[in-house]
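Q: The structure is given below, and queries will be raised subsequently.
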Amino acid sequence: MLTRLTLWLGRLSVGRKLTLIYLLDLCAVIYVSGILIHEKYIAIDFARKELVGATYIEAVRSDLMARFGVQSSAQATKPFLLAEVREAYDPLLQTAERSARFADLLLQAAVKPQADKTPLLNEGRVLLTIVGNQSNLILDPDLDSYYVMSLSLLRFPELLQILHDTHKFMEGRGKTASGQGQIAQLLNLAGRLDAALLGIEADYGQVWLAASPQLKESLQSSRALVLESARRFGAEVQRAANGAESAAPESALRTAYAEALSALNGAWQVAVVELKGLVQTRVDHLFSRMWLHLGTALLLLACILSLVYLVASQIAKPLQKLARVADDVRRSTDYTHRADWHSRDEIGQLFAAFNGMLAQLDQDRLVQQELAASARASAAQRELVEAFPIPMVVTSVPDHEVLHANGPAQPWLGGVTRDPWRVGLDSSVRGRFFQR
């Protein structure tokens with residue numbers, strides 16, 4: 001397998017090999033980017049589930065407050081908003097059992113408006129707690145939306161419970177004998193109301209520290225109204241408890257209770273709307289960041305691909321030039337060709353070495369041509385000497401070694417190969433010969 005891969009890679013050009021390296025790196029980058037995008041989608045799904053929870057809270061709030069005589073405009077056409085969110089979100093939030101109990105109590109309260117609403121309140125708060133847990137609202141990561149969630153999910157339902165319990169106590173206090181037990185219960189209710197208002201103020205204070213100016217402006221009026229009306233109701237309860245039982249205090253108490261419920265409904269509705277807006281803004285921001293990061297990654301990959309192409313061309317083009325020059329030299333045997341490339345890297349060194357090799361080969365060719373010419377001249381001289389009819393002998397100087405002798409000179413040499421003049425000539429003739 002490795003041999004086949006090596007053979008396959010050997011058939012690829014240098015540029016394609018570099019592109020293959022880039023594509024392999026690109027696969028790793030795409031894999032890591034996919035993991036990051038998946039993490040972004042986890043955060044987006046987390047926030048989308050919070051939107052589901054906020055929608056569910058709004059339906060519970062609307063139907064619950066309608067049973068207390070505070071009806072929103074949406075309920076004029078749809079008396080029970082809970083039915084729609086139950087059908088859409090109960091499987092996701094696993095609230096089918098609790099929402100069914102709450103829906104039954106809502107129906108009973110609609111049929112019997114004067115019935116005790118304590119079971120309805122208790123079941124509603126339990127349902128809201130489950131919704132908060134299952135929809136991730138309890139785990140909200142942002143400070144401003146977390147405390148708006150606390151108001152919508154915990155503080156306002158608690159305040160509604162206290163207002164209802166206090167009003168119920170004040171309506172029934174005249175039916176039983178007064179005593180220390182009623183005073184203690186009244187003080188307990190007053191303490192619960194003060195604690196609930198302190199908790200609401202604390203949550204609003206935390207929202208104020210982290211919220212934007214727009215969120216502060218949206219919550220400001222409802223915040224002041226709910227705190228003021230709740231305190232006014234508490235004051236009326238104290239006045240009714242301390243004063244004489246007459247129609248005026250009872251009427252003022254009912255009026256204060258109705259105003260407190262109306263203010264609570266308005267503040268609760270505004271808080272839920274702002275909570276949904278904050279979560280939706282977070283979802284939009286997560287999507288924007290995801291697309292920004294993805295676009296940046298694609299732009300970076302495009303730049304890297306362009307750079308890889310440039311680097312590949314800087315490697316492949318000179319090698320192609322070098323291959324063409326080598327092929328021209330092979331076909332024409334002309335060693336005057338030169339490869340032209342100027343760089344200080346290894347490719348530049350390769351070109352310099354290749355051109356130096358061509359220059360050396362060209363010089364060797366000239367030397368070989370000279371040697372061939374000398375050999376041809378020597379052969380021509382030898383043929384000329386052979387053609388003479390008189391003895392011709394060629395000897396070296398100063399050793400007088402016989403280099404060549406034609407046919408007529410062979411008898412005269414008599415087989416002598418060194419200094420034939422010494423034995424073939426008289427001394428006097430020899431002297432005159434060399435002198436000549």
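Q: Relative contact order for region 328-428 using alpha-carbon pairs under 8 Å, separation at least 6, rounded to a whole percent?
A: Numbers: 79 pairs, mean separation 15.2, N = 101.
Relative contact order, region 328-428: 15 percent.
Q: Please state the charge dipole magnitude for region 306-436, taken about the Cα centre, from unit charges on C-beta atoms (+1 on K and R, -1 on D and E), reported in debye and rounded to the nearest 20. Before the final figure, lay out each step's value.
A: Details: 15 positive and 15 negative charges, 29 e Å.
Here the size comes out at about 140 debye.
Q: How much of residue 32 can a 1.4 Å solvent probe reach, expressed as accessible area in Å² and rounded to 10?
A: Residue 32 exposes around 80 Å² with every protein chain in place.
Q: Follow-up. Enumerate the helices in the chain for which the Kyte-Doolittle hydropathy averages -0.5 or more and the C-alpha atoms extend at least 18 Å along the helix's axis, using complete DSSP H runs. Don't skip to the answer; put the middle values down first.
A: Working: long enough: 14-67 (79 Å, 0.70); 96-111 (22 Å, 0.44); 118-134 (24 Å, 0.34); 156-172 (24 Å, -0.21); 180-210 (45 Å, 0.46); 213-242 (43 Å, -0.54); 247-332 (125 Å, 0.54); 346-387 (61 Å, 0.00).
Span-like helices here: 14-67, 96-111, 118-134, 156-172, 180-210, 247-332, 346-387.
Q: On average over all directions, what projected area in square nanometres does the chain have, based on the convex hull of its Cα atoms?
A: Numbers: hull surface 180.4 nm².
For the chain, the mean projected area of the Cα convex hull comes to 45.1 nm².
Q: Here's a follow-up. Please identify the trypsin sites (Lys or Arg not before Pro) of region 333-370 that satisfy two criteria: DSSP loop assignment and at most 16 other Cβ atoms within 10 Å. Which are they?
A: Values: sites: 338, 344, 365; in loops: 338, 344.
Sparse-neighbourhood loop trypsin sites (Lys or Arg not before Pro): 338, 344.
Q: For region 17-68 and region 322-372, what is the centre-to-centre distance using only Cα atoms, to the nearest Å?
A: Result: 64 Å between the Cα centres.
Q: Moving on. How large is the dipole of the chain about the Cα centre if only Lys and Arg carry +1 and Asp and Glu carry -1, each at its Cβ, rounded to the nearest 20 debye?
A: Details: 45 positive and 45 negative charges, 183 e Å.
The calculation lands at about 880 debye.
Q: What accessible area, in Å² to the nearest ten, does a 1.4 Å probe give for residue 341?
A: In the full protein context, residue 341 sits at about 60 Å².
Q: Let me have the relative contact order for the chain, percent, based on Cα pairs under 8 Å that are six or more residues apart.
A: Numbers: 342 pairs, mean separation 67.9, N = 436.
With pairs under 8 Å counted, the relative contact order is 16 percent.
Q: Per-residue ellipticity at 222 nm for the chain, helices alone: DSSP H runs ≥ 4 residues times -39500 (n - 2.57), over residue total, nearest 500 deg cm²/dmol?
A: After summing the helix terms and dividing by residue count, I get -27500 deg cm²/dmol.
Q: Taking amide H positions as placed in the peptide plane 1.01 Å from N, state which residues far from residue 395 in sequence (5 or more) or on other chains have amide H under 5 Å from it.
A: 403
Q: Using a 1.4 angstrom probe on the protein heavy atoms only, could you order 52, 397, 131 from most to least accessible area?
A: On the way: 52 20, 397 130, 131 0 Å².
Listed by decreasing accessible area, they come as 397, 52, 131.
Q: FRET efficiency for residue 288 and residue 375, Cβ-Cβ distance as r, R0 = 60 Å, nearest 0.05?
A: Working: r = 86 Å, r/R0 = 1.44.
For R0 = 60 Å, the calculated efficiency reads 0.10.
Q: How large is the accessible surface of residue 345 in square angstrom, using a 1.4 angstrom probe and rounding to the nearest 10?
A: Spelled out: residue 345, probe radius 1.4 Å, area about 60 Å².
Q: Would you work out which of 348, 160, 309 lies farthest towards the positive end of the dipole of the chain, given +1 charges on the beta-carbon of Lys and Arg and -1 on that of Asp and Glu, about the Cα centre?
A: Among 348, 160, 309, the one farthest towards the positive end of the dipole of the chain is 348.
Q: A further question on this structure: Within region 189-234, list the GluC sites (Glu not before Pro) lying in a DSSP loop whose Cβ has at most 16 other Cβ atoms in a 10 Å radius. Don't jump to the answer; show the numbers that get you there.
A: Values: sites: 201, 217, 228; in loops: none.
Answer in residue order: no site qualifies.
Q: Still on this structure: Would you list 290, 392, 357 from the most to the least accessible area, probe 1.4 Å? It would help to have the intermediate numbers written out before the result.
A: Details: 290 10, 392 55, 357 95 Å².
Heavy-atom accessible area, descending, gives 357, 392, 290.
Q: Can you tell me how region 95-200 classifies by the Cα gyration tensor, rounded, prolate or oblate, using a/c under 1.5 as the rounded cut? Provide the component values of the computation, followed by the final result.
A: Working: a/c = 3.41, a/b = 1.39, b/c = 2.45.
Here region 95-200 falls in the oblate category.
The values are calculated or read from the model by the stated rules, or taken from the named source; none is laboratory data. Just so we're clear, the structure is a prediction, and the values are computed from it rather than from any experiment. Note that each Cβ is placed from the backbone with ideal geometry, even for glycine, and that neighbours are counted across all protein chains shown. All accessible areas refer to the heavy atoms of the entire protein, side chains included, with ligands and DNA or RNA removed. Shrake-Rupley method; radii C 1.70, N 1.55, O 1.52, S 1.80 Å.
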